[in-house]
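The values are calculated or read from the model by the stated rules, or taken from the named source; none is laboratory data. The shown structure was predicted, so the numbers you read here are calculated from the model rather than taken from an experiment. Note: ideal-geometry Cβ built from the backbone for every residue, glycine included; neighbour counts use all protein chains shown. Side chains included, ligands, DNA and RNA excluded: accessible areas come from the protein's heavy atoms. Shrake-Rupley method; radii C 1.70, N 1.55, O 1.52, S 1.80 Å.
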Amino acid sequence: MTPLKRKQWDRALTFALFTLPALAAILISVEIPFLMSVFSSFTKWNGLDRAQTFIGLENYKELFLDDLDMWKAFGFTLRLTLGSVLVVNLCALLLAVLLDSDIRGKNALRAAFYVPNIVSLIIIGYIWRFIFSAGFESFFQTTGMDFFMFSWLGDVNLVYFSVLMVSVWHSLGFYLVIYIAGLQTVPRDLIEASMIDGAGRVVRFFRITLPLIMSAITVSVFHSLSNGLKAFDVIFSLTNGGPGNSTTTIALDIYRTAFVINRFGYGTAKSVVLFLMILILSIFQVRLFKSREVEV
(Lines give C-alpha, C1' and ligand atoms only; values in the text may rest on other atoms or scores of the structure.)
Protein backbone atom coordinates (compact mmCIF):
# COMPACT_ATOMS: atom_id res chain seq x y z
CA MET A 1 0.00 0.00 0.00
CA THR A 2 1.39 3.38 -1.01
CA PRO A 3 1.81 6.12 1.64
CA LEU A 4 -0.98 8.18 0.00
CA LYS A 5 -3.47 5.31 0.04
CA ARG A 6 -2.50 4.42 3.60
CA LYS A 7 -3.08 8.01 4.66
CA GLN A 8 -6.52 7.99 2.97
CA TRP A 9 -7.34 4.68 4.63
CA ASP A 10 -6.34 6.04 8.06
CA ARG A 11 -8.56 9.10 7.53
CA ALA A 12 -11.51 6.93 6.50
CA LEU A 13 -11.00 4.66 9.50
CA THR A 14 -10.80 7.64 11.88
CA PHE A 15 -13.94 9.14 10.35
CA ALA A 16 -15.79 5.82 10.73
CA LEU A 17 -14.71 5.39 14.36
CA PHE A 18 -16.05 8.84 15.27
CA THR A 19 -19.30 8.62 13.30
CA LEU A 20 -20.36 5.00 13.87
CA PRO A 21 -21.37 5.49 17.53
CA ALA A 22 -23.55 8.47 16.61
CA LEU A 23 -24.98 6.60 13.63
CA ALA A 24 -25.76 3.58 15.79
CA ALA A 25 -27.48 5.78 18.40
CA ILE A 26 -29.61 7.45 15.70
CA LEU A 27 -30.55 4.11 14.18
CA ILE A 28 -31.55 2.61 17.54
CA SER A 29 -33.41 5.63 18.90
CA VAL A 30 -34.93 7.15 15.73
CA GLU A 31 -34.76 5.25 12.48
CA ILE A 32 -35.62 1.72 13.63
CA PRO A 33 -38.56 2.85 15.85
CA PHE A 34 -39.83 4.95 12.96
CA LEU A 35 -39.77 1.99 10.57
CA MET A 36 -41.49 -0.15 13.19
CA SER A 37 -44.17 2.53 13.49
CA VAL A 38 -44.67 2.55 9.74
CA PHE A 39 -45.19 -1.20 9.83
CA SER A 40 -47.60 -0.86 12.78
CA SER A 41 -49.68 1.59 10.75
CA PHE A 42 -50.68 -1.32 8.51
CA THR A 43 -51.84 -3.45 11.45
CA LYS A 44 -54.67 -3.73 13.93
CA TRP A 45 -52.95 -3.53 17.31
CA ASN A 46 -53.83 -2.24 20.77
CA GLY A 47 -50.21 -1.55 21.72
CA LEU A 48 -50.20 -4.24 24.43
CA ASP A 49 -50.55 -7.60 22.72
CA ARG A 50 -47.50 -9.14 21.13
CA ALA A 51 -49.39 -10.17 18.02
CA GLN A 52 -50.16 -7.54 15.39
CA THR A 53 -52.84 -8.33 12.82
CA PHE A 54 -51.86 -7.10 9.36
CA ILE A 55 -54.81 -5.30 7.72
CA GLY A 56 -53.12 -3.51 4.84
CA LEU A 57 -54.42 -0.03 4.02
CA GLU A 58 -57.57 -0.26 6.17
CA ASN A 59 -56.26 2.26 8.73
CA TYR A 60 -55.50 4.78 5.99
CA LYS A 61 -58.88 4.22 4.33
CA GLU A 62 -60.63 4.91 7.63
CA LEU A 63 -58.46 7.96 8.24
CA PHE A 64 -59.15 9.62 4.88
CA LEU A 65 -62.77 8.53 4.39
CA ASP A 66 -64.45 8.15 7.80
CA ASP A 67 -62.55 9.99 10.53
CA LEU A 68 -64.27 13.39 10.76
CA ASP A 69 -62.63 14.17 14.12
CA MET A 70 -59.21 13.81 12.54
CA TRP A 71 -60.02 16.31 9.81
CA LYS A 72 -61.50 18.72 12.33
CA ALA A 73 -58.25 18.47 14.27
CA PHE A 74 -56.38 18.95 11.00
CA GLY A 75 -58.27 22.19 10.32
CA PHE A 76 -57.59 23.59 13.80
CA THR A 77 -53.92 22.61 13.57
CA LEU A 78 -53.53 24.50 10.30
CA ARG A 79 -55.28 27.57 11.75
CA LEU A 80 -53.08 27.49 14.84
CA THR A 81 -49.93 26.96 12.78
CA LEU A 82 -50.73 29.80 10.38
CA GLY A 83 -51.56 32.18 13.22
CA SER A 84 -48.49 31.29 15.28
CA VAL A 85 -46.10 31.49 12.30
CA LEU A 86 -47.35 34.94 11.33
CA VAL A 87 -47.72 36.45 14.80
CA VAL A 88 -44.60 35.09 16.47
CA ASN A 89 -42.30 35.94 13.55
CA LEU A 90 -43.69 39.45 13.08
CA CYS A 91 -43.52 40.21 16.80
CA ALA A 92 -40.06 38.67 17.18
CA LEU A 93 -38.72 40.59 14.19
CA LEU A 94 -40.12 43.92 15.40
CA LEU A 95 -38.77 43.36 18.90
CA ALA A 96 -35.40 42.29 17.49
CA VAL A 97 -35.12 45.53 15.51
CA LEU A 98 -36.00 47.49 18.65
CA LEU A 99 -33.63 45.59 20.94
CA ASP A 100 -30.80 45.73 18.40
CA SER A 101 -30.84 49.52 18.60
CA ASP A 102 -29.17 51.61 21.28
CA ILE A 103 -31.83 51.61 23.99
CA ARG A 104 -31.29 51.44 27.72
CA GLY A 105 -31.71 48.04 29.36
CA LYS A 106 -31.85 46.06 26.12
CA ASN A 107 -29.87 43.14 27.57
CA ALA A 108 -32.30 42.81 30.48
CA LEU A 109 -35.24 42.96 28.06
CA ARG A 110 -33.70 40.23 25.88
CA ALA A 111 -33.34 37.99 28.93
CA ALA A 112 -36.89 38.76 30.08
CA PHE A 113 -38.38 37.80 26.73
CA TYR A 114 -36.35 34.58 26.61
CA VAL A 115 -37.21 33.34 30.13
CA PRO A 116 -40.65 31.83 29.20
CA ASN A 117 -38.95 29.66 26.57
CA ILE A 118 -36.95 27.92 29.31
CA VAL A 119 -40.09 26.65 31.06
CA SER A 120 -41.79 23.46 29.84
CA LEU A 121 -44.92 24.00 27.74
CA ILE A 122 -46.83 21.61 30.00
CA ILE A 123 -46.13 23.87 32.98
CA ILE A 124 -46.85 26.98 30.91
CA GLY A 125 -50.26 25.55 30.01
CA TYR A 126 -51.20 24.93 33.64
CA ILE A 127 -49.95 28.39 34.67
CA TRP A 128 -52.05 30.14 32.04
CA ARG A 129 -55.02 27.92 32.83
CA PHE A 130 -54.88 29.34 36.36
CA ILE A 131 -54.42 32.89 35.04
CA PHE A 132 -57.42 32.64 32.70
CA SER A 133 -59.62 31.50 35.60
CA ALA A 134 -58.58 32.68 39.06
CA GLY A 135 -56.13 35.32 37.87
CA PHE A 136 -58.53 37.10 35.54
CA GLU A 137 -61.26 36.93 38.18
CA SER A 138 -59.00 38.81 40.59
CA PHE A 139 -58.19 41.37 37.89
CA PHE A 140 -61.92 41.87 37.31
CA GLN A 141 -62.56 42.45 40.99
CA THR A 142 -59.74 45.01 41.06
CA THR A 143 -60.43 46.87 37.81
CA GLY A 144 -64.11 46.12 37.07
CA MET A 145 -63.26 45.55 33.40
CA ASP A 146 -65.60 43.04 31.71
CA PHE A 147 -62.69 41.97 29.51
CA PHE A 148 -61.38 39.80 32.33
CA MET A 149 -64.68 37.95 32.77
CA PHE A 150 -64.85 36.59 29.25
CA SER A 151 -64.78 32.80 29.05
CA TRP A 152 -61.33 32.63 27.47
CA LEU A 153 -61.10 28.84 27.65
CA GLY A 154 -64.79 27.97 27.50
CA ASP A 155 -65.97 30.01 24.52
CA VAL A 156 -65.26 28.37 21.15
CA ASN A 157 -64.91 31.83 19.60
CA LEU A 158 -62.24 32.95 22.08
CA VAL A 159 -60.30 29.80 22.93
CA TYR A 160 -58.33 29.89 19.67
CA PHE A 161 -56.95 33.33 20.54
CA SER A 162 -56.16 32.16 24.08
CA VAL A 163 -54.14 29.20 22.81
CA LEU A 164 -52.45 31.36 20.18
CA MET A 165 -51.49 34.00 22.74
CA VAL A 166 -49.97 31.45 25.12
CA SER A 167 -48.04 29.75 22.30
CA VAL A 168 -46.64 33.06 21.05
CA TRP A 169 -45.80 34.27 24.57
CA HIS A 170 -43.84 31.09 25.27
CA SER A 171 -41.83 30.90 22.04
CA LEU A 172 -41.27 34.60 21.31
CA GLY A 173 -37.88 34.74 23.04
CA PHE A 174 -36.45 31.87 21.00
CA TYR A 175 -37.18 33.55 17.66
CA LEU A 176 -36.12 36.92 19.08
CA VAL A 177 -32.62 35.55 19.67
CA ILE A 178 -32.44 34.21 16.09
CA TYR A 179 -33.49 37.54 14.59
CA ILE A 180 -31.10 39.54 16.77
CA ALA A 181 -28.27 37.26 15.64
CA GLY A 182 -29.34 37.83 12.04
CA LEU A 183 -29.49 41.60 12.45
CA GLN A 184 -25.99 41.66 13.89
CA THR A 185 -24.60 40.08 10.71
CA VAL A 186 -25.82 42.97 8.53
CA PRO A 187 -22.74 44.97 7.47
CA ARG A 188 -22.80 48.39 9.11
CA ASP A 189 -21.05 50.00 6.14
CA LEU A 190 -24.09 49.22 3.96
CA ILE A 191 -26.39 50.88 6.50
CA GLU A 192 -24.10 53.91 6.74
CA ALA A 193 -23.87 54.18 2.95
CA SER A 194 -27.66 54.11 2.62
CA MET A 195 -27.98 56.80 5.29
CA ILE A 196 -25.56 58.99 3.35
CA ASP A 197 -27.70 58.43 0.24
CA GLY A 198 -30.70 59.71 2.17
CA ALA A 199 -32.61 56.45 2.66
CA GLY A 200 -35.04 56.53 5.60
CA ARG A 201 -35.41 53.84 8.26
CA VAL A 202 -38.31 52.08 6.54
CA VAL A 203 -36.54 52.03 3.16
CA ARG A 204 -33.31 50.80 4.76
CA PHE A 205 -35.15 48.00 6.55
CA PHE A 206 -37.05 46.67 3.52
CA ARG A 207 -34.35 47.24 0.90
CA ILE A 208 -31.21 46.30 2.86
CA THR A 209 -31.83 44.70 6.26
CA LEU A 210 -34.70 42.37 5.39
CA PRO A 211 -33.05 40.74 2.34
CA LEU A 212 -29.82 40.23 4.30
CA ILE A 213 -31.53 38.44 7.22
CA MET A 214 -33.55 36.04 5.06
CA SER A 215 -31.49 33.14 6.40
CA ALA A 216 -32.69 33.96 9.92
CA ILE A 217 -36.26 34.24 8.63
CA THR A 218 -35.92 30.85 6.92
CA VAL A 219 -34.80 29.19 10.15
CA SER A 220 -37.45 30.91 12.27
CA VAL A 221 -40.33 30.14 9.92
CA PHE A 222 -39.14 26.52 9.61
CA HIS A 223 -39.12 26.03 13.39
CA SER A 224 -42.41 27.83 13.98
CA LEU A 225 -44.07 25.89 11.16
CA SER A 226 -42.95 22.47 12.40
CA ASN A 227 -43.69 23.33 16.05
CA GLY A 228 -47.17 24.54 15.15
CA LEU A 229 -47.98 21.36 13.24
CA LYS A 230 -46.71 19.25 16.17
CA ALA A 231 -48.50 21.30 18.87
CA PHE A 232 -49.41 19.07 21.80
CA ASP A 233 -48.04 20.15 25.18
CA VAL A 234 -49.77 23.49 25.58
CA ILE A 235 -53.08 22.14 24.25
CA PHE A 236 -52.93 19.12 26.55
CA SER A 237 -52.42 21.16 29.71
CA LEU A 238 -54.34 24.32 28.79
CA THR A 239 -57.57 23.08 27.20
CA ASN A 240 -57.17 19.30 26.73
CA GLY A 241 -58.76 19.82 23.33
CA GLY A 242 -61.84 21.59 24.67
CA PRO A 243 -64.37 23.03 24.76
CA GLY A 244 -65.70 19.94 23.04
CA ASN A 245 -63.05 19.11 20.46
CA SER A 246 -62.63 22.66 19.20
CA THR A 247 -58.91 22.91 20.11
CA THR A 248 -57.88 19.32 19.44
CA THR A 249 -54.70 19.24 17.36
CA ILE A 250 -53.52 16.34 15.23
CA ALA A 251 -50.89 15.40 17.81
CA LEU A 252 -53.48 15.35 20.61
CA ASP A 253 -55.85 13.30 18.44
CA ILE A 254 -53.03 10.80 17.80
CA TYR A 255 -52.34 10.58 21.54
CA ARG A 256 -56.00 9.90 22.30
CA THR A 257 -56.29 7.31 19.53
CA ALA A 258 -53.19 5.38 20.56
CA PHE A 259 -53.14 5.69 24.36
CA VAL A 260 -56.73 6.43 25.43
CA ILE A 261 -58.81 4.15 23.20
CA ASN A 262 -55.85 1.79 22.61
CA ARG A 263 -55.95 1.77 18.80
CA PHE A 264 -52.19 1.86 18.45
CA GLY A 265 -52.08 0.73 14.84
CA TYR A 266 -54.56 3.39 13.77
CA GLY A 267 -52.73 6.01 15.83
CA THR A 268 -49.44 5.24 14.12
CA ALA A 269 -51.15 5.59 10.74
CA LYS A 270 -52.18 9.10 11.76
CA SER A 271 -48.63 9.83 12.94
CA VAL A 272 -47.21 8.73 9.58
CA VAL A 273 -49.59 11.09 7.79
CA LEU A 274 -48.58 13.92 10.16
CA PHE A 275 -44.90 13.17 9.51
CA LEU A 276 -45.39 13.31 5.74
CA MET A 277 -47.37 16.54 6.02
CA ILE A 278 -44.64 18.21 8.10
CA LEU A 279 -41.95 16.91 5.75
CA ILE A 280 -43.65 18.19 2.59
CA LEU A 281 -44.57 21.61 4.00
CA SER A 282 -41.12 22.08 5.54
CA ILE A 283 -39.30 21.20 2.30
CA PHE A 284 -41.55 23.56 0.33
CA GLN A 285 -41.07 26.38 2.85
CA VAL A 286 -37.29 26.01 3.07
CA ARG A 287 -36.86 25.92 -0.71
CA LEU A 288 -39.13 28.92 -1.17
CA PHE A 289 -37.33 31.01 1.43
CA LYS A 290 -33.84 29.83 0.43
CA SER A 291 -34.47 31.13 -3.09
CA ARG A 292 -34.93 34.61 -1.63
CA GLU A 293 -31.76 34.66 0.48
CA VAL A 294 -29.07 37.17 -0.41
CA GLU A 295 -25.35 36.58 0.11
CA VAL A 296 -23.19 39.49 1.15
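Quick notes
- Linear extension gain, Val119 paired with Gln184, 0.36 nm per residue minus alpha-carbon span: 20.7 nm
- Cα→Cβ-extended label distance, 7 Å offset, between Phe150 and Asp197, nm: 4.5 nm
- A Förster distance of 25 Å, applied to the separation of the beta-carbon atoms of Leu68 and Leu48, puts the FRET efficiency at 0.40.
- Distance from the alpha carbon centroid of the stretch 162-194 to that of the stretch 53-72 works out to 41 angstrom.
- Range of Cα positions in the stretch 211-259 per principal axis (Å), largest first: 45, 21, 14
- Between the beta carbons of Ala111 and Met165, assuming R0 = 30 Å, the FRET efficiency works out to 0.90 to the nearest 0.05.
- Heavy-atom surface analysis with a 1.4 Å probe gives the stretch 91-157 a carbon and sulfur content of 66 percent of its accessible area.
- Signed unit charges on C-beta, dipole axis of the chain, positive-most listed residue Ile261, Leu65, Met277: Met277
- Förster radius 45 Å - calculated FRET efficiency between Val260 and Ile103 (Cβ-Cβ, nearest 0.05): 0.35
- For the pair Thr19 and Met36, the difference between a 0.36 nm per residue extended length and the Cα-Cα distance amounts to 3.7 nm.
- Solvent-accessible heavy-atom area per residue, rounded to whole Å², over the chain at 1.4 Å: 61 Å²
- Beyond 22 Å in Cα-Cα separation lie the following of the pairs Lys72/Lys230; Lys61/Lys270; Lys270/Lys290; Lys230/Lys270: Lys270/Lys290.
- Spin-label model, Leu210 to Val87: label points 7 Å out along the Cα-to-beta-carbon direction sit 2.2 nm apart.
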